[in-house]
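The values are calculated or read from the model by the stated rules, or taken from the named source; none is laboratory data. Computed from a predicted model, the values in this text were never measured in an experiment. Virtual Cβ from ideal backbone geometry, glycine too; neighbours counted across all protein chains shown. Accessible surface areas use protein heavy atoms only, side chains included; no ligands, DNA or RNA. Shrake-Rupley method; radii C 1.70, N 1.55, O 1.52, S 1.80 Å.
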Amino acid sequence: MDDCLAKKMEITVSEAEKRTGRNAMNMQETYTAYLIETRAVEAQSEGQCAPVDSLWRRYSEFELLRNYLSVTYPHIVVPPLPEKRADFVWHKLSADNMDPDFVERRRIGLENFLLRVASHPVLCQDKIFYSFLTQEGGWKEMVNETGFQLKADSRLKALNATFRVKNPDKRFTELKHYSDELQSVISHLLRVRARVADRLYGVYKVHGNYGRVFSEWSAIEKEMGDGLQSAGHHMDVYAASIDDILEEEEHYADQLKEYLFYAEALRAVCRKHELMQYDLEMAAQDLTSKKQQCEELATGTVRTFSLKGMTSKLFGQETPEQREAKIKILEEQIQEGEEQLKTKNLEGRDFVKSAWADIERFKEQKNHDLKEALISYAVMQISMCKKGIQVWTNAKECFSKM
C-alpha cells in the first residue's frame, strides 16, 4: 500500500463547470466538465511548494476510464462511479442532472472514485489511469489503442454462461446472491430514508408556521408579547435549519449509494468467473468428443449414433489411408486441446486466487465504510433530536417569563 498513487499524489476534483458544445453527431449539447487537480506529495514533505497540475474531464471520460479498468482487470471489484442522474431523492431535491446541488454531490463522488482507484494496490499502477490524471490531450486515443473493447464479453455470452455452466464455484455463487441481497437492502434503506427526509422537511417547515402565528399573536398582547415574539424567533431558526441538515444527510445517502453500485461491481467479477468456467467446460467437452472420435476411428467401432456413422454404412467404409489421415489430424487437435485445457485451468486458478484476494480486501473496506456511515447517520439523527428538544426548551422558558 506504500507504493500506491494516493500516497505519492494529492488528487482533487476541485470544481464543476457547465459547458456547451457539439457532440459526435454535430448536435448542440450542454454538459458538465470537472476540474481535476493533482500535486506531488514528495515535494511538499520536503518543505517545497509543489506546482498544481490541472485538466478538465467530462463524466463520459470517467465512464470510459472505468469501462477500461473493468475489462482490463476482470478479477478486481472496480470502484463505481456516482450516479449519472439522481435517484432516491426527497421532494425538495431536484432530479435534474444539471441541478447545482446534484452536480456538487457528483463532483464529490467523482473525486471519491479517483481516490478509491489511486488507493487500490493494483489499479493505482495502471498507466492509463495515470494518463487520465495528467494528460489532457490524446488520452481517449491512448485508451482506444489498448483495444480493451475487443476483450469485453458480450452480454449474450455472459447470460449463456450463467444458465449453462455445469459446475459453478459455490463461493462465487454465494457472492452473487449476496450482492443481489446487498443491493436490495440498500435500495430499500434509501427509499425509507427519502420518505423520512420528506417528513422531516415537513415537520421543520411547519415550525415556521408556529413562528408566524406567535409573531402575529405577540402584536395584540401587551404582557405576553415579548415572550411570544422570542418563542416565534426560535421556531423560525429551527424551521430554517432543515436545509443544511438534509444537505448533510444527503452526503450520508451518497455513501450508501456507493455500495449500492458496488454490488454490480461484485456481480461483474462473478460473471467473469462463470464465463471462464463455461469456456473451460466447453474445452473439456470438445476434447472428450475428439478423443472418442479418434478411438472410434482406430477401433472401427461407433459408440454413439452419428450422421457420419450412418453415411459410412450407406456409402461404404473409408479407406485405411483416409482413416489414418483423420486419426493424425484428430491426434494433433487432441494435443492442442490438452494444452489449451491446461492453460485454461491455470488461468482459472489464477483468476480465483486474485479475485478472492481482492474480494477479501473489498469486504474489509465495505465493513469499515458502512460502519462509519451508519454511525455518522445515527449521530446526526441524535443531534437533530437534541436541537428539537432545545428549541422547545427555549420556547418553554419564553412562555414562563410571560
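Note that the chain shows a convex hull volume over its alpha carbon atoms of 236 Å³ per residue.
For region 163-294, the carbon plus sulfur part of the accessible surface works out to 55%, probe radius 1.4 Å.
Pairs from the list Lys84/Lys140; Lys176/Lys257; Lys363/Lys386 with a Cα-Cα gap above 23 Å: Lys363/Lys386. For the peptides 261-270, 53-62, residues were scored by their other Cβ atoms within 10 Å and the scores averaged per peptide; the highest-first order is 261-270, 53-62. Anyone know which of Glu248, Glu339, Glu274 comes out most mobile in the 10 Å Cα GNM of the chain? It is Glu339. Solvent-accessible area per residue in region 1-161 equals 54 Å², computed with a 1.4 angstrom probe and all protein chains kept. Straight Cα distances below 20 angstrom link Lys291 to the aspartates and glutamates Asp279, Glu281, Glu318, Glu321, Glu324, Glu331, Glu332, Glu336, Glu338, Glu339, with same-chain residues fewer than 8 positions distant left out. Taking the protein heavy atoms of region 1-161 in the context of the full set of protein chains, the accessible area attributed to carbon and sulfur is 49 percent at 1.4 Å. A quarter of the convex hull surface defined by the alpha-carbon atoms of region 317-402 gives 11.1 nm² as the mean projection.
When shorter helices are ignored and each DSSP H run of at least 4 residues is given -39500 (n - 2.57), the per-residue value for the chain at 222 nm works out to -24500 deg cm²/dmol.
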